[in-house]
Amino acid sequence: NTLHHAANNCNAVLASEAAMMSKERFIETYGVPDFTVSAGCSGGSYGSAQPADRVSGLFDGVLITCTFPDPLSIALSGSDGHLLSHYWNVTDPHGFTDEQKVAVTGYKGMRAFMDAANQAGRTDPVPGRVDAERYASAAWNSVVPEALRYEPTKNPTGARPTVYDAAVNIYGADPTTGFALRPFDNVGVQYGWDALSSGVISVDQFLDLNEGVGGYDQDANYVPRRSEGNHGAIERAYRSGLQTVGDGGLASMPVFDITGIYNDDGGYHYQWFHFALRERLLAANGGSENHVMWRGNPVPFGPAWDAFVGWVSAYTADERPGSQRDKVIRNKPTEAVDGCWRDDATFVAEPQTLDREGTTACNALFPSWTFPRRVAGGPLAANVLKCALAPPSRDAYAVPFSDAEWQRLQAIFPSGVCDWSRPGVGQVGVTVDGSFGPSPVNRIEVP
């Protein structure tokens, strides 16, 4: 099971293969199980959800906690944040107040923002980079000899410990360098859109930020130009399940999501990740009836496990006509409903929504914040790796631009700005591996 553990591997294809071989060995030794489930927190959440989505029949349900949809969600939101922190620390250290910075990032506060931004270290192969406080680049396990590790001048052909290079077999390699092709793309992203619309930042601040925020090169060095993701790597991220889509196995099994860690003040295990996964299921399948969310600090695991296992047991034993998704929905137990747990261990049953205004009992107890690309106008699902572009329109802005300001905006975005109403470039469904039986969804053939 070594490569099915996120501390050792964050390539979902290899993780799936490890889980497949483990299950195969179990079946050969003990026989076919009644059902198979996966449960896990943090890396264990995407170690459950990603194999479940991309390999048909591998799991019959997942119980996830401290949820991330996938490692890319952490790394890419971190990459946006890291560009913003560099802009405010280096490019324009006096142009924004902390209140304005927080509004541009979407997070609850500066500590939450920096903890998330520093996760960009997962994409940085350069050892010992001096950057923001607590930023760590090229994080190696000590068991890896230094002589094998990448260093730009001393060992340019060494191994690179990034979330991209760990999956170079999927993303593809640059033919010149051998480095993994990268899906990160911020062309057209209007950082601070919501802050501008609400009047927290001025038009000049908005333009200054988007003019100077820049991007990264293949070594995660800051560069003045925006980053353009490789189109092939982007499409392969979706098809392979490195970016969780939700239209594979996850569409037709119980997905029981519990908080595990509630802390939007720091630590980067934020609630928006839970809602992002639900939004992906909703977008991919037209509904999320097979997804249940419990929030709390903490959620009692026992009742969640009992409800979840009872649900899986009931639907897998259902021999009546209907699709697997139909069976999952009609066998959903009465206790498997959205809600939250108060500190006195009482349960509040109500739909869970992402909100920090306290509009519901659960949101009053557990308010949620978002992330930079969400407050740049992007989807809560965080599932668009490269946005479709369109010419900017003055009617789309809540504040007026002078003619000079408008000309400057057009110069900053010569190819256009993100049109979030359209699917992303290369945004396709997961190619379901039918190793453990027929797929519950239509298989997507890779040309």
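Here is how the numbers come out for the structure above:
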quantity	calculated
Residues of region 216-233 classified as within 18 Å of LEU84 (Cβ to Cβ), touching an Asp or Glu at 6+ places or on another chain (Cβ under 7 Å) and part of a loop (DSSP other than H, G, I, E, B), total	2
So PRO298, is it touching a residue at least 24 places away in the same chain (Cβ under 8 Å) and over 18 Å from the mean Cα position of the chain (by Cα)	yes
Residue check, ALA251 small (Gly, Ala, Ser), open to solvent by less than 10 Å² (accessible area, probe 1.4 Å) and touching a Phe, Trp or Tyr at 6+ places or on another chain (Cβ under 9 Å)	no
Any hit, region 48-63, residues being open to solvent by 40 Å² or more (accessible area, probe 1.4 Å) and small (Gly, Ala, Ser)	no
Contacts under 6 angstrom Cβ, first residue in region 18-36 being closer than 15 Å to GLY47 by Cα, partner open to solvent by less than 80 Å² (accessible area, probe 1.4 Å) and of a type in the set (Phe, Trp, Tyr), 6 or more apart	THR36/PHE59
Flag for GLY241 being touching an Asp or Glu at 6+ places or on another chain (Cβ under 8 Å) and either open to solvent by less than 10 Å² (accessible area, probe 1.4 Å) or without any contact (Cβ under 8 Å) to a residue 24 or more places away in the chain (or both)	yes
Number of the exception - THR29 against (1) assigned to a helix (DSSP H, G or I); (2) touching a Phe, Trp or Tyr at 6+ places or on another chain (Cβ under 7 Å); (3) surrounded by fewer than 24 Cβ atoms within 10 Å (Cβ to Cβ)	(2)
Among the residues listed as VAL203, VAL168, VAL223, the single one being touching a residue at least 60 places away in the same chain (Cβ under 8 Å) and not basic (Lys, Arg)	VAL203
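Results for (1) among the aliphatic types (A, V, I, L, M); (2) open to solvent by 70 Å² or more (accessible area, probe 1.4 Å); (3) in a helix (DSSP H, G or I); (4) modelled with pLDDT under 95, shown as yes or no for each residue.
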| position | (1), (2), (3), (4) |
| --- | --- |
| ALA336 | yes, no, no, no |
| ARG374 | no, yes, no, no |
| GLY377 | no, no, no, no |
| LEU385 | yes, no, no, no |
| ALA398 | yes, yes, no, no |
| GLU405 | no, no, yes, no |
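The values are calculated or read from the model by the stated rules, or taken from the named source; none is laboratory data. Not measured: the values here are computed from a predicted model. Positions of Cβ are generated from backbone atoms using ideal geometry, with glycine treated the same way; all protein chains shown enter the neighbour counts. With ligands, DNA and RNA removed, areas are computed over all heavy atoms of the protein, side chains included. Shrake-Rupley method; radii C 1.70, N 1.55, O 1.52, S 1.80 Å.
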